[in-house]
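Read the structure below first, then the notes.
The values are calculated or read from the model by the stated rules, or taken from the named source; none is laboratory data. The structure presented is a predicted model; accordingly, all values stated were derived computationally and were not measured. When we count neighbours, we look across all protein chains shown, and the Cβ atoms used for this are built from the backbone with ideal geometry, even at glycine. Surface areas here come from the heavy atoms of the whole protein model, side chains and all, with no ligands, DNA or RNA. Shrake-Rupley method; radii C 1.70, N 1.55, O 1.52, S 1.80 Å.
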Amino acid sequence: MQIGKLPRVRLAALPTPLEEMGNLSKKLGGPRLFIKRDDNTGLAFGGNKARKLEFLMGDALNQGADTIITAGGIQSNHARMTAAAANKLGFKTVLVLSGERPSSYKANLLLDHLLQAEIRFLNAKDSEQIKQRMEEIASELSLKGHNTYIIPTGGSNRIGVSGYALAMTELLAQANEKGIKFDSIALACGGGGTQAGVVVGTKALNLSMRVIGISVSREAMLLKERVAGLARETAEHLGLSIPFSPAEIEVYDKYVGEGYAIPTTEGIEAIKLVARLEGILLDPVYTGKAMAGLIGLIRTGRFRSDENVVFLHTGGIPAIFTDESIWF
Ligand SMILES: *Cc1c(COP(=O)(O)O)cnc(C)c1O
């Protein structure tokens, strides 16, 4: 991988811990379960966006930017972490958040405010409209003499995704140190960037590790195409000639429930189980549903009991505080 040559700025607390979840494994009757704590990356409560931002912000610095523009939902983890990273690097941040300005600021939105990002609410119909709005803001700011850098929603382009290809070298080193080999890795799949990076890293390192994505919003068919497409672009960006096809990408969409950010009963149960048995907190939007997916796959016999499975904790902790009523 030519990853060492790409612009990168150190923002995340790496390596993140790799821990065994012995109590959960025992409760479920195997497989042997581990958790990669990317919720511990730092940047105002941590999460998977930190690894993407190291490369995105590296590129922004390289291009002489002074203002970062990005987008997300009202409760976007990506927006919150981008604002934190931008502050650390001395950039101004403009966040385009989809939806109406809520009457009270909670969780990630409260943190965006505390981090003093400029927030623009947009009642967007689709991703095209969001992109267009970011471009309009960029032209508006460049007229005022600013040098802007636009980060796509979720930080999921070839630059950001590279961060998760690199994360696999970190995971491999930790697995080697513990004398284990991972048979599978399970993770939440939102826009698909994280899974794409994991897939690229896994193939580039010749690991025989199954990469299992649990969708938190979209249909599996659509995500398989997206992940394969992003993986292709990222591999090319890293100077690797590895093919990827949607058919080889594993994504389950049975654990979405009613839709993005709408909590599911299984997700809440999974969060409570992991909290009680391991003292580890998951979030209701991404990692809770992903854990429900992993538990569901374990219960339906999709793993041998002697397999080693690692769950990638992608963060999202502030969402715990969005609506306390879901926990009672
Ligand atoms: C953004 C996010 C994801 C999804 O990442 P993608 O790369 O968009 O698939 C998963 N978990 C958390 C907590 C996130 O904030």
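Considering Lys254, Lys272, the condition of being within 24 Å of Ile320 (Cβ to Cβ), more than 15 Å from the chain's Cα centre (by Cα) and not in a helix (DSSP H, G or I) is satisfied by Lys254 alone.
Counting only strands (runs of 3 or more DSSP E) that sit wholly inside the stretch 1-92, those with at least 3 residues that are in contact (Cβ under 8 Å) with a residue 60 or more places away in the chain and of a type in the set (Val, Ile, Thr) are 67-73. Checked against the criteria, Leu222 counts as among the aliphatic types (A, V, I, L, M) and free of Cβ contacts under 8 Å to residues at least 24 places away in the same chain. Among residues of the stretch 93-111 being assigned to a loop (DSSP other than H, G, I, E, B) and open to solvent by less than 40 Å² (accessible area, probe 1.4 Å), the one that is farthest from Ile137 (Cα to Cα) is Pro102. Checking each residue in the stretch 186-210 for being more than 12 Å from the ligand (Cβ to nearest atom) and touching a Ser or Thr at 6+ places or on another chain (Cβ under 6 Å) picks out Val200, Met209, Arg210.
Can you tell me which residue in the stretch 35-87 is farthest from the ligand (Cβ to nearest atom), limited to those that are among the β-branched types (Val, Ile, Thr) and open to solvent by less than 10 Å² (accessible area, probe 1.4 Å)? Top of the filtered list is Thr67. Of the strands (runs of 3 or more DSSP E) entirely within the stretch 129-242, those holding at least 2 residues that are open to solvent by less than 10 Å² (accessible area, probe 1.4 Å) occupy 184-189, 210-215.
When the residues of the stretch 253-293 are filtered to those that are open to solvent by 60 Å² or more (accessible area, probe 1.4 Å) and either at positive phi or among the acidic types (Asp, Glu) (or both), which remaining residue is nearest to the ligand (Cβ to nearest atom)?
Once the filter is applied, the top-ranked residue is Asp253.
Filter the stretch 304-328 down to residues that are of a type in the set (S, T, N, Q) and in a loop (DSSP other than H, G, I, E, B) and give me whichever is surrounded by the fewest Cβ atoms within 10 Å (Cβ to Cβ). In this case the residue turns out to be Ser305.
For the stretch 296-303, the criterion of being under 16 Å from Gln75 (Cα atoms) and buried (at least 17 other Cβ atoms within 10 Å of the Cβ) is met by no residue.
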